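Peer 1: Following this message is one structure expressed as structure tokens.
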Number of protein chains: 2
Amino acid sequence: MEFRSLLRDRHSVRSFRPDDVEQEKVLRILQDAIRSPSAGNLQSWEFMLVRNADVKKRLAEAALDQDFIAEAPVVLVVCADTGKSGWKYGDRGKNFYCLLDVSMASMIILLSAAEEGLGACFVAAFDDREVSEILRLPEQVRPIGIIPIGYSGEMPEITSRMPLDKVLHIETW
Amino acid sequence: MEFRSLLRDRHSVRSFRPDDVEQEKVLRILQDAIRSPSAGNLQSWEFMLVRNADVKKRLAEAALDQDFIAEAPVVLVVCADTGKSGWKYGDRGKNFYCLLDVSMASMIILLSAAEEGLGACFVAAFDDREVSEILRLPEQVRPIGIIPIGYSGEMPEITSRMPLDKVLHIETW
């Protein structure tokens with residue numbers, strides 16, 4: 001789809017049909033995601049692909065009982081390997097750059113899912129430690145977002161935005 | 001342009017022709033940016049639009065002398081209003097959610113600039129305090145990235161990526 005049509009059409013989807021999501025679609029989405037820029041091209045992202053019903057249920061619980069996560073046929077947990085950015089850039093790499101890398105890749109995932117005719121939603125409200133335990137993440141790998149993906153089971157709800165002039169500052173604040 | 005062509009074509013541009021960038025292009029890019037999702041739809045982004053040569057020079061110095069920043073006709077400094085996310089979500093809002101919001105909006109800026117036939121680059125290596133002073137940012141507003149934008153003065157250099165299977169984990173780590 002045209003980039004701007006895709007951008008205007010995309011919206012957060014929190015209800016999914018039970019229909020399965022083809023693995024090749026998921027892989028195309030992830031191949032898109034790794035086109036994201038990253039600090040020093042260190043690509044600090046790590047992707048967990050979850051289809052197991054029990055694991056999805058536990059992730060939903062760890063995400064303050066956002067049950068729609070467990071409803072999605074596919075759940076991606078996007079993580080930052082803080083070590084990748086940290087070895088080169090120290091604390092700024094560990095606590096800042098790698099978060100940006102993974103967030104940017106996640107934005108691509110949301111757009112790419114829409115390109116595939118799928119709905120998705122970025123969830124950042126969860127208990128980090130619980131998610132890490134469920135997925136057995138190594139110490140230096142931090143979960144950044146949970147992205148349930150599936151065929152949308154709801155009518156699109158386009159959320160409103162503050163007008164640009166409320167957040168645009170010319171030259172100085 | 002088709003989303004995937006745009007994504008494949010986009011690359012970080014660090015050299016700019018002196019040609020001016022039309023203001024309507026910059027505004028279209030920013031209108032795209034605010035289509036980003038954000039935690040609680042709180043839209044914690046704030047955008048500084050800089051064209052002043054002296055200010056751009058000082059931003060380049062604050063960014064470890066990355067002189068190409070001053071070369072670009074337009075420099076966007078993307079910021080997080082940590083107060084917007086913080087009032088609702090406390091520390092997780094202030095130190096985490098708002099960074100994600102602004103990074104996602106920034107990914108859209110990079111794609112949208114490419115859609116406009118412009119080159120851009122996301123720079124996160126800078127002295128936060130210096131940038132805040134230069135732009136007179138309020139205490140609670142944190143600079144997240146400096147994005148110089150202009151017509152590309154260099155041949156595209158597509159950086160390589162690690163293969164997906166190095167960063168993809170099925171079910172658990």
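Peer 1: Add -39500 (n - 2.57) for each DSSP H run of 4 or more in chain B, then divide by its residues: what number comes out at 222 nm, to the nearest 500 deg cm²/dmol?
Peer 2: -11500 deg cm²/dmol
Peer 1: If neighbour count is taken as other Cβ atoms inside 10 Å, put A:Ile134, A:Ile34, B:Ile158 in order from fewest to most.
Peer 2: Values: A:Ile134 23, A:Ile34 19, B:Ile158 11.
If I rank by nearby Cβ atoms, fewest first, I get B:Ile158, A:Ile34, A:Ile134.
Peer 1: At 0.36 nm per residue, and after removing the present C-alpha to C-alpha distance, how many nm does the segment from B:Asn41 to B:Trp173 gain when stretched out fully?
Peer 2: Length gained, B:Asn41 through B:Trp173: 44.4 nm.
Peer 1: By counting other Cβ atoms within 10 Å of each Cβ, how are B:Glu71, B:Glu22, B:Glu46 ranked from fewest to most?
Peer 2: Ascending Cβ contact count within 10 Å gives the list B:Glu22, B:Glu71, B:Glu46.
Peer 1: Continuing with the same structure: Between A:Lys166 and B:Glu24, what is the spin-label point distance in nm, taking each point 7 Å from the Cα along the Cα→C-beta axis?
Peer 2: The modelled label-to-label distance comes out at 2.6 nm.
Peer 1: Considering amide H positions built from the backbone, and no H for Pro or chain starts, which residues 5 or more places from B:Val13, or on another chain, come under 5 Å of its amide H?
Peer 2: B:Ala120, B:Cys121
Peer 1: For the stretch B:123-135, just list the computed ³J(HN,Hα) in residue order, Karplus coefficients 6.51, -1.76 and 1.60, θ = phi - 60°, integers in Hz, with x standing in for Gly and Pro.
Peer 2: Those phi angles translate into 10, 10, 8, 7, 8, 3, 5, 4, 4, 4, 5, 4, 9 Hz.
Peer 1: Moving to a separate point now. Describe numerically, in nm with one decimal, the distance between label points set 7 Å from Cα along Cα→Cβ at B:Gln140 and at A:Asp67.
Peer 2: In this crude label model, B:Gln140 to A:Asp67 measures out at 3.5 nm.
Peer 1: OK, next. Kindly provide the GluC sites (Glu not before Pro) of the stretch B:80-170 that DSSP labels as loop, not H, G, I, E or B, and whose Cβ sees at most 10 other Cβ atoms within 10 Å.
Peer 2: B:Glu139, B:Glu157
Peer 1: On to the next question. Just B:Met162, B:Met104, B:Met48 to compare: in a GNM of chain B, with alpha carbon springs under 10 Å, which one fluctuates most?
Peer 2: It is B:Met162.
Peer 1: Which links in B:Lys56/B:Lys166; B:Lys25/B:Lys56; B:Lys25/B:Lys88; A:Lys166/B:Lys57; A:Lys25/A:Lys57; A:Lys84/B:Lys88 stretch past 30 Å when you go from one Cα to the other?
Peer 2: B:Lys56/B:Lys166; B:Lys25/B:Lys88; A:Lys84/B:Lys88
Peer 1: Now for a different question. Just to verify a number: FRET efficiency for A:Asp128 and A:Arg51, C-beta to C-beta distance, R0 = 22 Å, to 0.05?
Peer 2: 0.50
Peer 1: So, one more: Counting partner chain Cβ atoms within 10 Å of every residue's Cβ in B:47-54, what's the average?
Peer 2: Averaged over the peptide's residues, the number is 3.
Peer 1: Also: Under the definition of Cα pairs under 8 Å and six or more residues apart, what whole-number percent is the relative contact order of the stretch A:3-154?
Peer 2: Relative contact order comes out at 37 percent.
Peer 1: Further question: Please work out the Cα center distance from the stretch A:121-140 to the stretch A:60-117, rounded to the nearest Å.
Peer 2: So the separation of the two Cα centres works out to 10 Å.
Peer 1: Based on the alpha-carbon gyration tensor of the protein assembly as shown and its eigenvalue square roots a ≥ b ≥ c, which shape applies: rounded if a/c is under 1.5, prolate if not and a/b is larger than b/c, or oblate?
Peer 2: Prolate.
Peer 1: For the stretch A:14-169, what size does the Cα cloud have along each of its three principal axes, sorted from largest down, in whole Å?
Peer 2: 44, 43, 30
Read-outs throughout are calculated quantities, based only on the coordinates presented, and are distinct from any laboratory measurement. What you see is a predicted model; the values in this text were computed from it and never measured. Glycine gets a Cβ as well: all are built from the backbone with ideal geometry, and neighbour counts include every protein chain shown.
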